[in-house]
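This report refers to the structure that appears directly beneath it.
The values are calculated or read from the model by the stated rules, or taken from the named source; none is laboratory data. In this text the structure is predicted, and so the values were computed from the model without any measurement. Note that we place each Cβ from the backbone using ideal geometry, even for glycine, and neighbour counts take in every protein chain shown. The accessibility values were calculated without ligands, DNA or RNA, using every heavy atom of the protein model including side chains. Shrake-Rupley method; radii C 1.70, N 1.55, O 1.52, S 1.80 Å.
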Amino acid sequence: KAKNEKEKTMIRFTRQMKEELDEQFTLSNHLRKAIKKEELSVHYQPIVNIDNEEIISAEALLRWNHSQYGYISPTKFIPIAEANGLINEIGEWVLNEVCKQNKKWQEQGFKKIPIAVNISVKQLEEKDFAQKVFSILDTYKLDAQYLELEITESISINNLNNILSELQKLKDKGIKISIDDFGTGYSSLGKLKKLSINKLKIDRSFINDLNGEDENELVTAIIAMANSLGLNIIAEGIETENQLKFLQNKKCIFGQGYLFSKPLIQEEFEKFL
Ligand code: C2E
Ligand code: MG
Ligand code: MG
Ligand code: MG
C-alpha cells in the first residue's frame, strides 16, 4: 500500500511539473509577440524623501497586459524572459520607453527627476550593453544624470569581470547604479565596494518586519553600513506610518511604497510630478 501511495504522489508531482512547464512554454511564446502586439507598458512609482514626501526620482516597472490572460506579473514573466533570451530585447524596449517619456516630461516643463530602470544581469553580460544605453540616451537627447539602473543583488561571480567593466563605463558617463532587493542575496561589503555602486535599496521583506518602536537590528545595521560607505539608501515597500517612523528615526532618507504611492500609469504619475 505504501508503494501505491508513493506512486500516486509521483504521478501527481510529475503532472504538476508538466503543467508548470506547459504554462512556461505557452507564456514564453506569447511573450515573443507581446512587444509587437503592444501589450507591454511601463508604470512609474515615485521615490520620495520620507521626511517631506517630496519626489526625488521614480522607478519604472514593466507591465504585461495579455489580450486573453489579462495582467501577468513581472515576477512571473521576467524569469521566463531571462531563460528564453528575450530579456535583452524587452529590457531595451523598456529603456527606450523610459528615456523617451522622461525627455517628454522635461520638455513639457515637469520637475526634472531621474528614473530608475530595472536591469537583468543577463543584459549586463552583453559586451556592448553600456554602448546600447548611451545610444538610447543620444536618441532622445536625455542627459545621463536622468537615468539610473537597478540591478538585483544576486550577481553571479562567474561573469563579474564583464559586468564590472560595463558598470564602470555606465558610471563614468554619470549613470547612477543601485543595488536592488538588498539583503536577499549574497553581497558582501567587499563586493559592494568593488561594484562602486551609488545606492542601496533595502528589500521590502525587511521593511515589512518593522514594527514602530521595536528595535530591528538588521535594518538598523544595513542603514548604518550604507551611511558609513557613503551610499544613499532607499527603503522599498513602505506601507505603514509605523514603518515610516522607524526609518525616520534611523536616518533613512529615501523610500518608496504604497504609503506614498502605488506604481502609476503615465497620466497619474504626471499629477505627482
Ligand atoms: P523590484 O525592482 O524590487 O520592484 C519593486 C516591487 O515592489 C514592484 O513590484 C512594486 O510594485 C512593489 N511594491 C512597491 N511598493 C510596494 C508596497 O508598498 N507594498 C508591496 N506589497 N509592494 C510594493 P512589481 O512591479 O510586481 O515588480 C516585481 C519585480 O519585477 C521587480 O522588483 C523587478 O525585479 C522586476 N521587474 C519589473 N519591471 C522590470 C523591468 O523592466 N526589467 C526587469 N529586468 N525586471 C523588472
Ligand atoms: Mg527595482
Ligand atoms: Mg526591489
Ligand atoms: Mg523586489
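The alpha-carbon atoms of the range 101-168, seen along their principal axes, cover 44, 22, 16 angstrom, with the largest extent given first.
The alpha-carbon atoms of the range 178-262, seen along their principal axes, cover 36, 27, 20 angstrom, with the largest extent given first. Each peptide in 199-211, 67-79 was scored by the mean count of other Cβ atoms within 10 Å over its residues; highest first, the order is 199-211, 67-79. Mean separation of Cα pairs under 8 Å and 6 or more residues apart, divided by the residue count, gives the chain a relative contact order of 18 percent. Relative to the current alpha-carbon distance between Thr139 and Asn29, full extension at 0.36 nm per residue lengthens the span by 36.6 nm.
Dipole of the chain computed with +1 at Lys/Arg Cβ and -1 at Asp/Glu Cβ about the Cα centre; of Gln145, Asn118, Trp93, farthest Cα towards the positive end is Trp93.
Pair-distance distribution P(r) for the chain, from all Cα-Cα distances in 5 Å bins starting at 0: 1, 5, 11, 15, 16, 16, 14, 9, 6, 3, 2, 1, 1, 0, 0 percent. Secondary structure note: in the chain, about 40% of the DSSP beta bridges are antiparallel.
How large is the accessible surface per residue of the chain, computed with a 1.4 Å probe and reported in Å² as a whole number? Please report the intermediate quantities before stating the final value.
On the way: 14520 Å² over 273 residues.
I get 53 Å² per residue for the chain.
Amide hydrogen proximity for Glu150: with H placed 1.01 Å from N in the peptide plane, the residues at 5 or more positions away or on another chain lying under 5 Å are Val117, Asn118, Ile119, Ser178. The alpha carbons of the range 73-124 give a radius of gyration and a Dmax of 13.4, 40 Å, in that order.
Working ranking of peptides 106-112, 129-135, 57-63 by packing, defined as the average number of other Cβ atoms within 10 Å per residue, highest first, is 57-63, 129-135, 106-112. Shown for the range 122-273 is the translational diffusion coefficient from the Stokes-Einstein equation, using the Kirkwood radius over Cα pairs, a temperature of 37 °C and a viscosity of 0.692 mPa s: 195 µm²/s.
Would you be so kind as to identify which of His43, Asn242, Leu160 lies farthest towards the positive end of the dipole of the chain, taking Lys and Arg as +1 and Asp and Glu as -1 on Cβ and the Cα centre as origin? My answer, from the dipole projection, is Leu160.
I need to check one value: relative contact order of the range 115-178, counting alpha carbon pairs closer than 8 Å and at least 6 residues apart, in percent. Mind showing how you got there, number by number?
On the way: 66 pairs, mean separation 30.1, N = 64.
In percent, rounded to a whole number, it is 47.
Relative intensity of the range 45-156 on a log10 scale, I(q)/I(0) at q = 0.11, 0.13, 0.14 Å⁻¹, equals -0.40, -0.56, -0.65, per a Debye sum over C-alpha point scatterers of equal strength in the absence of solvent.
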